[in-house]
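Here the structure comes first, spelled out in structure tokens, and everything after it is commentary.
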Amino acid sequence: MTERKPPGVSFESWADRQIHEAQQRGDFSRLPGFGKPIAGLERPYDEAWWIKQKMQREGVSMLPPALALRKEVEDVPGAVAGARTESEVRRILTEVNAKIDRAVRMPPEGPPLRLKPFDVEGTVRRWREEHRPA
């Protein structure tokens with residue numbers, strides 16, 4: 001709203017007029033998501049919905065560091081299977097192995113870790129066999 005409310009006009013009628021004029025110009029039909037269903041309406045109300053949504057957008061985890069690392073380790077086989085090059089497989093394994101090594105030396109908060117580093121050469125060998133041209 002760029003114009004000021006004229007004196008003597010109630011705020012409600014002035015706001016209603018602004019909305020009506022915006023509708024006539026089609027301002028609302030150009031908004032992102034116009035005509036699409038609102039996501040999450042079928043779910044029960046959650047007071048912290050906006051916090052959870054923001055954390056998901058920002059990639060923030062609510063898991064304790066030990067569980068977050070376990071989850072990352074669980075995701076490694078899928079990431080390796082989807083890797084396109086041997087160097088990508090090595091990078092994935094090397095990064096996760098470095099995190100495991102740090103966590104073993106200085107255990108993070110959460111349940112005890114019982115993680116072992118990945119066998120990089122053995123995993124790369126299996127990846128090569130699975131991705132060998134037929």
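Nothing in this text is a laboratory measurement; each read-out follows from the coordinates by a stated rule. Given the structure is predicted, the values throughout are model-derived calculations rather than measurements. For neighbour counting, all protein chains shown are included, and Cβ atoms are generated from backbone atoms with ideal geometry for every residue, glycine included.
Tell me, in nm to one decimal, what length is gained between Ile51 and Phe11 on full extension, where the rule is 0.36 nm per residue of separation less the Cα-Cα distance?
Details: separation 40, 0.36 × 40 = 14.40 nm, distance 3.25 nm.
Gain on extension, Ile51 to Phe11, equals 11.2 nm.
Taking K and R as +1 and D and E as -1, what net charge do the other residues with C-beta under 10 Å from the C-beta of His131 add up to?
Numbers: positive: Arg84, Arg126, Arg128, Arg132; negative: Glu86, Glu129, Glu130.
Its environment carries a net charge of +1.
Kirkwood hydrodynamic radius of the stretch 38-91, from the reciprocal of the average inverse Cα-Cα distance over all distinct pairs: 14.1 Å. Under the combined filter of DSSP loop state and at most 14 neighbouring Cβ atoms within 10 Å, the stretch 1-82 retains these GluC sites (Glu not before Pro): Glu3, Glu42, Glu47. Counting only lysines at least 8 places from Lys116 when in the same chain, those with an alpha carbon closer than 19 Å to its own are Lys71, Lys99. When all alpha carbon pairs of the stretch 1-68 are counted in 5 Å bins from zero, the resulting P(r) reads 3, 11, 12, 12, 12, 11, 14, 9, 6, 4, 3, 1, 0 %. The Rg/Rh ratio of the chain, with Rg taken over Cα atoms and Rh as the Kirkwood radius over Cα pairs, comes to 1.29.
For an R0 of 22 angstrom, estimate the FRET efficiency from the Cβ-Cβ distance between Glu95 and Glu130 and round to the nearest 0.05. Efficiency, rounded to the nearest 0.05: 0.60. Helix-only arithmetic for the chain: the sum of -39500 (n - 2.57) across DSSP H runs with n ≥ 4, divided by the residue total, places the mean residue ellipticity at 222 nm at -18000 deg cm²/dmol. The stretch between Val104 and Arg84 holds 4.2 nm of extra length on full extension. This uses 0.36 nm per residue minus the Cα-Cα distance. Restricting the GluC sites (Glu not before Pro) of the stretch 76-109 to loop positions (DSSP other than H, G, I, E, B) with no more than 14 neighbouring Cβ atoms within 10 Å leaves Glu109.
Taking θ as phi - 60° and the Karplus parameters 6.51, -1.76 and 1.60, the scalar couplings of the stretch 78-83 work out to x, 5, 5, 4, x, 5 Hz in sequence order, x denoting glycine and proline.
Quick one: longest stretch of the chain between exposed loop chymotrypsin sites (Phe, Trp or Tyr not before Pro), exposed meaning at most 16 other C-beta atoms within 10 Å and loop per DSSP?
Numbers: sites that count: Phe34, Tyr45.
Counting only loop sites that pass the neighbour cut-off, the longest clear stretch is 46-134.
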